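Here the structure comes first, spelled out in structure tokens, and everything after it is commentary.
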Amino acid sequence: MAPSRIETLVILGAGGDLTSRLLLPGLATLLASSRGSAIRLIGVDRDPMSDAAWQRRVGKAFSGVDARLADRVLESSVYLQADVTDAEALGRVLTAATGRVALFFALPPAVTVLACRTLATMKLPDGIVLAIEKPFGTDLASARALNRLLQKLVPEEQVFRVDHFLGKSTVINLLGLRFANRIFEPLLSAQNVAHVEVNIEEDLGLEGRAGYYDRAGALVDMIQSHLLLVLALATMEPPATVGSEDLRGAMAQLLRATRPWKKDGTESRRARYTAGTIGRRKLPAYLSEDGVDRSRNTETLAEMTVAIDNWRWAGVPFVLRSGKAIGDPRQEIVFTFRDVPHLPTGFHGPGRQARLRIGIKPATMSLDLVTNGRDDPFDLEWDTLDAEFGPSELKPYGEVLAELLDGDPTLSVRGDIAEECWRIVAPVLAAWRADRVPLDSYPAGTRGPRSWH
Ligand SMILES: O=C1O[C@H](COP(=O)(O)O)[C@@H](O)[C@H](O)[C@H]1O
């Protein structure tokens, strides 16, 4: 039976940055799209705010939404001042909600845990969905503890672990590209692929987020979550359906087979940016940013190589790389193919291997092909087939909210998947903590340390 739709979306942490920067604009793109329909919105936070002020705040994000639909959502929206770690206050919040309800924890992880502990002492409405934000724990043990706590509250299908990369249309496109075309899938295996890179780089620096980022670093912030999920979608076996059980089952199976290339995690690299310039922006050194603690040795660029121990991928290195303050950043998956088994004698080879690049930002695809040379036909040349994907009408948070409000957990990170992601990075984190891998540096605006290229 299809799950019923959510009627009330409660945002815990309504006054926070996540709500204004990502959630409300994401909701606006959903309401403006063909998939948008009315929803009751309850904002909850510790500070006082009138209903009218909350409605104004929400309304500001709603430009582009059909006026009648925007008015319907705004008229029914209310704000409640409440301490979400207090049972009596949370009881008031749940009483104010009508129909099937989703609680969105737009809160710091430690407060989310406290609120969940409080919810564990209460009777929850039937069918309630709990949406929580990454990071899901701070290591494997705490991820397991969080999952145990959530299991006490609701069944797994009613937990929605949000990873906005799963809401990016280009990431979802990986499924159509791989499994709805006959031409790519047979090529994607150790038989044909020499190595794979997943690069998610950004030109942004710390952006005032030292409180969180300085404790996380690039490995935990990006590779542990986003990049491993992208890797899973790019390399998993074809699922029988794209329903939540089959899709997430295939992702989990792939991640269970994934491990650091060297089991002790030393096949990894880390670096931190120094002062530099990106375009016209001058970035201070990471260590000069407010709130950064030099003794934490936090990296802003991380790279780890993983192996996938299964029939399809045995022996192929997968390099996962993510960094901040990178000049000319890339967001792409690159499959590099092996050479042909025999190049007919008399041809002059094109000098490198063919590649399939799938761009996440911008949404593109390019495939290298060897063709006969224009001047001398036996002097082979490269040509590239390029494609650009049309933009999605939804922002990543709009896509995630669409699934959440449909009560469908397909795009939610299942509990076991969150744990696998921590297991995979754990040896690297341990190697870095023990200083078995040097911390290099790179000027902001470059591609990383010179010695890495
Ligand atoms: O989750 C996160 O993602 C962003 C990058 O996402 P994007 O959609 O803006 O490309 C990253 O900047 C941030 O540090 C991280 O916490």
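Things to note:
- Charge sum, other residues only, whose C-beta stays under 14 Å from Ser63's C-beta, Lys/Arg counted +1 and Asp/Glu -1: +2
- Sequence-distant lysines (8 or more away, or on other chains) whose Cα lies within less than 25 Å of Lys123: Lys152
- If you plug the beta carbon distance of Asn372 and Glu245 into 1/(1 + (r/R0)^6) with R0 = 45 Å, you get a FRET efficiency near 0.40.
- Among Thr241, Thr138, the order of accessible area from largest down is Thr138, Thr241, computed with a 1.4 Å probe on protein heavy atoms.
- In percent, rounded to a whole number, the relative contact order of the chain is 21, using alpha-carbon pairs under 8 Å and six or more apart.
- Peptides ranked, highest mean first, by Cβ atoms within 10 Å: ranges 406-412, 189-195, 322-328: 322-328, 406-412, 189-195
- Ellipsoid fit via the Cα gyration tensor, the range 309-453: semi-axes of 35, 25, 19 Å, each the root of five times an eigenvalue, largest first.
- Among the listed pairs Lys282/Lys361; Lys168/Lys282; Lys361/Lys395; Lys134/Lys168, those beyond 19 Å (Cα-Cα): Lys282/Lys361; Lys168/Lys282
- In the range 111-171, trypsin sites (Lys or Arg not before Pro) in a DSSP loop with at most 16 other beta-carbon atoms within 10 Å: Lys123
- Taking 11 Å as the cut-off, the amide N atoms of the range 178-201 that come nearer than this to a point 7 Å along the Cα-to-beta-carbon line of Trp261 belong to 195-197.
- Candidates per GluC sites (Glu not before Pro) in the range 170-228, loop by DSSP, up to 13 other Cβ within 10 Å: Glu207
- Pairwise centroid distance, computed over Cα atoms, of the range 352-397 with the range 55-82, Å: 43
- Qualifying GluC sites (Glu not before Pro) for the range 323-398 [loop in DSSP, other Cβ within 10 Å: at most 14]: none
- For the range 8-133, taking the reciprocal of the average inverse distance between every pair of different Cα atoms yields a Kirkwood hydrodynamic radius of 14.7 Å.
- If R0 is 56 Å, the Cβ-Cβ spacing of Asp83 and Thr345 corresponds to a FRET efficiency of close to 0.10.
- Cα gyration tensor category, rounded, prolate or oblate, for the chain with a/c compared to 1.5: prolate
- Label sites at Thr364 and Arg338, each approximated as a point 7 angstrom past Cα along Cα to Cβ, lie 2.9 nm apart.
- In plain terms, the chain from Asn310 to Gln151 could stretch by 54.2 nm, reckoned as 0.36 nm per residue minus the Cα-Cα distance.
- Cβ charges +1 (Lys, Arg) and -1 (Asp, Glu), total dipole of the range 347-453, debye: 660
The values are calculated or read from the model by the stated rules, or taken from the named source; none is laboratory data. For clarity, every value in this text was computed on a predicted model and none was experimentally measured. Virtual Cβ from ideal backbone geometry, glycine too; neighbours counted across all protein chains shown. We work out accessible area using only protein heavy atoms, side chains counted, and drop any ligands, DNA or RNA first. Shrake-Rupley method; radii C 1.70, N 1.55, O 1.52, S 1.80 Å.
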